[in-house]
Amino acid sequence: MSFAVIGGLLLNIGAYLTYKGKIYQAVIVYLFADICWIIMAYEKDDYLGSAFIVVGTTLGFLAYLKMRSGKMSKTLNKTDDDL
């Protein structure tokens with residue numbers, strides 16, 4: 001099984017967890033999918049792609065930590081004036 005297939009399966013699992021409202025677990029699954037894509041890009045000698053994926057994964061992980069600690073404000077029902 002290739003890293004693309006594993007990453008795709010993890011993406012589907014993450015989407016299902018998001019649908020079920022389990023956001024924290026979904027983010028972790030998405031991060032593991034990102035790791036698969038980093039490995040896949042590196043194996044194909046796509047170093048620029050690997051770098052972009054690493055930066056995106058790092059930002060995603062930092063957002064997860066911020067979310068987990070409760071420091072991220074919810075903007076779902078806020079207007080621009082409330083932010």
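Go through region 36-62 residue by residue and tally those that are open to solvent by less than 80 Å² (accessible area, probe 1.4 Å), in a helix (DSSP H, G or I) and free of Cβ contacts under 8 Å to residues at least 24 places away in the same chain. So the answer is 9. Answer with yes or no whether Ile35 is touching a Phe, Trp or Tyr at 6+ places or on another chain (Cβ under 7 Å), closer than 19 Å to Ala4 by Cα and not basic (Lys, Arg). No; evaluated as a whole, the condition is false for this residue.
The values are calculated or read from the model by the stated rules, or taken from the named source; none is laboratory data. Quantities reported herein were computed from a predicted structural model and do not represent experimental measurements. Ideal geometry is used to build each Cβ from the backbone, glycine not excepted, and the neighbour counts take in all protein chains shown. The protein model used for the area step is the full one, side chains on, heavy atoms only, and it has no ligands, DNA or RNA in it. Shrake-Rupley method; radii C 1.70, N 1.55, O 1.52, S 1.80 Å.
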